[in-house]
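Participant: Got a structure for you, written out below as structure tokens; questions coming shortly.
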Amino acid sequence: MDSANQDINLNSPHKGLGTDSLSDVPEERGAVAVNPVTLPPGLTEEEAEELRLELTKVEEEIHTLRQVLSAKERHAAELKRKLGLSPLSELKQNITKSWQDVQTSNAYLSASATLDDIASSEVYKKTQETLSQAGQKTSAALTTVGTAISRKLGDMRNSSTFKSFEDKVGNIKHKVVGGKANGESDHSPNESNPVQDNAPF
């Protein structure tokens, strides 16, 4: 019994400590969850609360400004519609303005001056002259080749072989066409001859 009481007495302080420790742990965990974990080092709860209030106000202002901006954009779109301005015309104006800006920029002017210098240089002139001569020679060569091919075709057409072949094709064509025309009756060739003989011309 005494040992049991001693165990109880020995355990009771531990139990008390256990309950105290358990009761302390949630408070510490709650404090850790709310304060130390979310707050950067050196920032107090009061300062954090002020920052939260300021953040809320800023976000509300941003929301209000977005609404105002949206209303202004709708108003601007209505004015553009009344003026006959379309997105395409605005794009053209922007492109034209951008190109004008480019043309007046130092980089463009410098590049133009460099190109002018290159165009007036002796190397460019010689290169241009060489290319021009090469083009003329190429054109002359192509003309010569074309003339030679035409001459060859003419010679071939005037050759006895081609004429003989042409005559054979003509005979075959005459027979085929004549056969179709005279295919109506067996006596049609004999009948056609007297008509041709008695023709007034």
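The values are calculated or read from the model by the stated rules, or taken from the named source; none is laboratory data. Only a predicted model underlies this, so the values are computations on that prediction, with no experimental measurement involved. Ideal geometry is used to build each Cβ from the backbone, glycine not excepted, and the neighbour counts take in all protein chains shown. For accessibility, only protein heavy atoms count, side chains too; no ligands or nucleic acids. Shrake-Rupley method; radii C 1.70, N 1.55, O 1.52, S 1.80 Å.
Participant: Taking the Cα centre of the range 76-124 as the origin and placing charges on Cβ (Lys, Arg +1; Asp, Glu -1), which of Leu79, Ser120, Thr96 is farthest toward the positive end of the dipole?
Facilitator: Leu79
Participant: Something else about it: Per-residue accessible area for Glu46 at 1.4 Å probe radius, Å² rounded to 10?
Facilitator: 130 Å²
Participant: Tell me, what are the semi-axes, in whole angstrom and largest first, of the equivalent ellipsoid of the range 64-151 as set by the roots of 5 times the Cα gyration tensor eigenvalues?
Facilitator: Values: eigenvalues 654, 113, 15 Å².
Those come to 57, 24, 9 Å.
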